Amino acid sequence: MSHARQQIREALAARVTGLTTCGTRVFQSRMATQDVLPCLLITTNDEEINPGTIGNIYERVLSVSIIGLAKATGTLDDTLDTIAAEVEVAMSAEYWAELVAINVGFDETLEKPVGRIELVYRVTYRTASSVPGTIL
């Protein structure tokens, strides 16, 4: 049985696979090699868990990042903004995922510089305390 976090990550990856800029280069991982750029990374991050008032039901608030990576070129900002726009449109159909922040960065520590745009979503869901793989 997979945890609900994994199921959410898989659903979001399916939602953003096939977009114009990144195509099928969508990874449920925190890392990607530079030969697959531009690409998207889907990561589940911190999760707040609140015990429910009925039985052993947990309300969970999960932070999920959809990170666009692109090679540093003269049009890097345009590429990152295009990736963000494509992701936002695709994600607009997911009523359960709320966009809460966009962070932009640049990584010069790699072999070749890479630009990064991170769209942070908040996902609220419920599970039984004894069945973390079943979303209620």
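For region 95-136, the alpha-carbon radius of gyration amounts to 1.85 times the rule-of-thumb value 2.2 N^0.38 Å expected for a compact globular protein. For region 1-126, the normalised intensity computed at q = 0.12 Å⁻¹ comes to -0.46 (log10 of I(q)/I(0), Debye sum over alpha carbons, equal scatterers, no solvent).
Among the chymotrypsin sites (Phe, Trp or Tyr not before Pro) in region 69-133, those located in a DSSP loop and surrounded by at most 12 other Cβ atoms within 10 Å of their own Cβ are Y95, W96. The angle separating the long axis of helix 76-91 from the principal Cα axis of greatest extent in the chain is about 30 degrees.
Cβ-Cβ distance of N50 and T73, R₀ of 41 Å, FRET efficiency by 1/(1 + (r/R0)^6): the value works out to about 0.40. For the chain, a simple Cβ point-charge model (Lys and Arg +1, Asp and Glu -1, everything else neutral) yields a dipole of about 440 debye relative to the Cα centre. In the chain, taking the dipole from charged Cβ atoms about the Cα centre, the farthest positive-side position among P38, Y95, L76 is held by Y95. Seen from every direction in turn and averaged, the convex hull around the alpha carbons of region 45-89 projects onto 4.6 nm². Over region 11-57, the Kirkwood radius and the radius of gyration, each from Cα atoms, give a ratio Rg/Rh of 1.24. Against the empirical 2.2 N^0.38 Å (N residues), region 54-136 has a Cα radius of gyration ratio of 1.44.
Rule-based calculations on the coordinates, nothing more; no lab input. Nothing here was measured: the structure is a model prediction, and the numbers come from that model. Cβ atoms come from the backbone with ideal geometry, glycine included; neighbour counts cover every protein chain shown.
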